[in-house]
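Data block below; observations after.
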Amino acid sequence: MRKSVERRIALLWQHSYRTQYRLGVWKLRYGNIAFYAVLILLVSASAYLSPVLQYALASYYSTGPTLDSLRGLILNVGSALIGAAAIVTSLVMFAMQVNIERMPHGLFRRLSSDRKLLGAFALAFLLAIGVATLSTFVDQARLAQVLLAASWAVVFILICFMYAYRRALILINPLQQLGILIQDTRKELRIWARRAKRSIPLLECDEPPSSTSSPMDSTHDLARTSFFQINHRWTNGTKRAIRHAMSFARRYAEQGDYEVSGVALNAIVVINAAYINAKGKTFYANNPFIENPFASDGLINDTLEHLRQNVESGIARRDEQQIEQTLQAMASLVRVYLGIDYSSPYASKSHAQLAAGYLASAVQSVVPHSMADVLLEGQRLMGQSAQYLLAHGDPNNIATLSEKIALIACTGYAKEDYRPVTMEGMNQLSNLTLDLLRSGSRDIHFAVGEVRRDVAMVAKLFLKVVDTPLSNSHSTFLGPYYSSTSTQSLKVRLTELVNALSEAQPDNADAQTVIRNIERWAKGLYQTEKELLLAAIEVKSHFTFDMIHWITGVTEILLAVSNAPACDHSTQDELRKHAHWLIATLTWIPDDKETVTFVENFQMTETLFEAAVNARNRGCDEIAREIGESLVSWTFKGGRYQTGWGVLETGLCALTVFAVNGGDDEISRLRVAVVSRLAGQAAPEHEIRDRTARDIRERAANLYRPGHWSSRIEMAIAQADHEKLRPLLEEIANFLSPGISRPTPTV
């Protein structure tokens, strides 16, 4: 019962909150309309009831002295209202001008001569004079009309005072001032756009239309371009508005009022968007071969230069929030400039690239000043800008931003406080890689290669940082790209993408494009991954674990993509070739005892076996055979030493069960491989061979082990055909050491 009552009370509160919200929304939308409607209704009602009021007043003011007293009252009230209007006007105007005296001169003049404010005061004066004048119209026949007019005049004077007061508050509110600035600038730009449109008939050239058209043909508005060139001062008002907004941003940031400074920077973005809309199809992209004087835009250059100076001002004062807000404004301008119409589908987004360059340089300028949070935000904004450039333009346009992200991420090597910057940089490079693979472009070869080299540069440099077994800093800070355990890593997201490709129809054009992009990304991937693997092994980093599982995981992903229904035969062959080259990088691991022991800590034998089985399960028998040969190589490479991991025994058991599951041909290949390896100069010593043979015979005698399997190899042995597996294991043991006796099988 108590819970029921509490639930009902909670529901009543929720209904009250919902009602308050709806009333607030209604008031915001229709409050002014409702107020004026009620006011008009009251005026109309008073006019309708004036005969009744006239009758009542005529009976009271029936003599001359009473009329004179009424006349004097109205005159005194009118005179007092005139004085009150003068006083209120002086006080409000003085207070407003004091509050806006530090504004830029042009904006100060605009606000101090606000028409609505001055109009309200003028109306109050006129109404006050009207009230005083009504005293001359007092007579027996017009008492109701005079009193109603005087009363409503007083009411309207009070309304004018309240409106003027609220208007003054609006004018001294910096947020409202910025809104007025944006509104006036938009209005001015619309006026210029209309003028340009009206002048087009006077500036158009009388040329016959071309009989043939091509997508390469330009569709620039030449008449509009000519108009803006003739009236080259048409942007003066817009430039002045941008300077005023920058003045707001700088001044309020110095005062610590970051809400106003953020709105001021956003105003600059809005003004630029209005400018682009007004200019229309008169933008020209940069041509790498021919200089185009129309490609440079003065207003855009001024805007970016103002923002650069604001960043320098923030750096000088070590104002991190001011810098971050300015960087966010630059990133917003990148998105705005991507909307510029260059009148050609093949034109480069040169102004957006210019803004992205300013953004990257601004972030880079923060590096020497120990502002890790600013660098983190800068990395995110650069990554987002690169993604927008990729979505709207040529994939090659992101190469510069990718390089800058990588360079800034490298700062984690020099300074420990900047290591989160390295992690964020790897995260952004991971996002760019995935976006390139999902891109609809057919030519990502250069861009994806640059991103891959940038990733390798950061990883190689960061591997020089001293790592400890407990901190695992290499794996942690390089994890957004190379981790196999994080749910946000590139490998996990690639797996989700491949699962979607596996469900796509064979004629799905988007899936075919993504598959081709994956093939281009995988081309040459083995080179950087081999270098990183060897570098990680050299410094004995736990990152070796990530690299081994990254290589095998990406190999499996490439094989899965090659089996997708939308993958054609040519791309399938290329993907499997790249997978083969990638998994072959594991054969480059040095064969000294220390390295073998270190690498086997990360279950190298188990990993190779799983990779071979996965390849066979996906129908890639040739790749599975190649991985099996790599497993043979690793087994005898690591089996030469007493590492404590039993590499020789584990590897031979894995190879045996792999061969049994593969058929008689695989069994024959295994026999030949084992015999040839044992006959070579790098064969294990007899003591190791004897002990391994004894362990293998013991394992053959006890193939089935109930319970939880500790590894994939144990599970495969338990599930294999024991009638074939046991004699093959004994045969392998005889190859190793024929003289060791066979143990008795246990039941």
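Quick look at the numbers
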quantity: Tally, over the range 140-163, of residues that are buried (at least 19 other Cβ atoms within 10 Å of the Cβ) and at pLDDT below 85; calculated: 3
quantity: Every residue from the range 587-599 that is open to solvent by 10 Å² or more (accessible area, probe 1.4 Å) and under 17 Å from ILE627 (Cβ atoms); calculated: THR587, TRP588
quantity: Count of residues meeting criterion [of a type in the set (Gly, Ala, Ser), open to solvent by 10 Å² or more (accessible area, probe 1.4 Å) and within 30 Å of LYS279 (Cα to Cα)] in the range 299-336; calculated: 1
quantity: Any hit, the range 612-629, residues being part of a loop (DSSP other than H, G, I, E, B) and of a type outside the set (Gly, Ala, Ser); calculated: yes
quantity: Every residue from the range 435-446 that is open to solvent by 10 Å² or more (accessible area, probe 1.4 Å) and in a helix (DSSP H, G or I); calculated: ASP435, ARG438, HIS445, PHE446
quantity: Flag if GLY83 is without any contact (Cβ under 8 Å) to a residue 40 or more places away in the chain, within 29 Å of ALA120 (Cβ to Cβ) and open to solvent by less than 70 Å² (accessible area, probe 1.4 Å); calculated: yes
quantity: ALA122 in contact with a helix residue (DSSP H, G or I) (Cβ under 7 Å, 6 or more places away or on another chain), of a type in the set (Gly, Ala, Ser) and modelled with pLDDT of 80 or more; calculated: no
quantity: From the options GLN145, GLN176, residue that is part of a helix (DSSP H, G or I) and within 53 Å of the chain's Cα centre (by Cα); calculated: GLN176
quantity: Only listed residue being open to solvent by 10 Å² or more (accessible area, probe 1.4 Å) and farther than 30 Å from ARG198 by Cβ, chosen from SER361, SER296, SER344; calculated: SER361
quantity: Residue pairs meeting the criteria (Cβ under 7 Å; at least 6 apart or on separate chains; first touching a residue at least 24 places away in the same chain (Cβ under 8 Å), in the range 714-728; second open to solvent by less than 20 Å² (accessible area, probe 1.4 Å) and among the polar types (S, T, N, Q)); calculated: LEU725/THR656; LEU728/THR656
quantity: Residues (among the acidic types (Asp, Glu) and in a helix (DSSP H, G or I)) located in the range 478-519; calculated: GLU496, ASP510, GLU519
quantity: Residues (open to solvent by 10 Å² or more (accessible area, probe 1.4 Å) and of a type in the set (S, T, N, Q)) located in the range 243-281; calculated: SER247, GLN255, ASN266, ASN277
quantity: Tally of residues being among the aliphatic types (A, V, I, L, M), under 30 Å from MET162 (Cα atoms) and surrounded by 10 or more Cβ atoms within 10 Å (Cβ to Cβ) across the range 8-33; calculated: 2
quantity: Criterion: among the hydroxyl-bearing types (Ser, Thr, Tyr), within 26 Å of ILE537 (Cβ to Cβ), assigned to a helix (DSSP H, G or I) and open to solvent by 20 Å² or more (accessible area, probe 1.4 Å) - qualifying residue of SER570, SER633, SER668; calculated: SER633
quantity: Residues of the range 1-49 that turn out to be farther than 22 Å from VAL155 by Cβ and not in a helix (DSSP H, G or I), as a count; calculated: 1
quantity: Residue, nearest to the chain's Cα centre (by Cα), within the range 88-119, restricted to residues that are modelled with pLDDT of 75 or more and small (Gly, Ala, Ser); calculated: GLY119
quantity: Qualifying residues in the range 505-562 (those that are acidic (Asp, Glu) and more than 18 Å from ARG452 (Cα to Cα)) - the one least open to solvent (accessible area, probe 1.4 Å); calculated: GLU556
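The values are calculated or read from the model by the stated rules, or taken from the named source; none is laboratory data. Computed from a predicted model, the values in this text were never measured in an experiment. Here Cβ is always computed from backbone atoms with ideal geometry, including for glycine, and neighbour counts include all displayed protein chains. Each accessible area value is taken on the protein alone, full model and side chains, heavy atoms only, with ligands, DNA and RNA left out. Shrake-Rupley method; radii C 1.70, N 1.55, O 1.52, S 1.80 Å.
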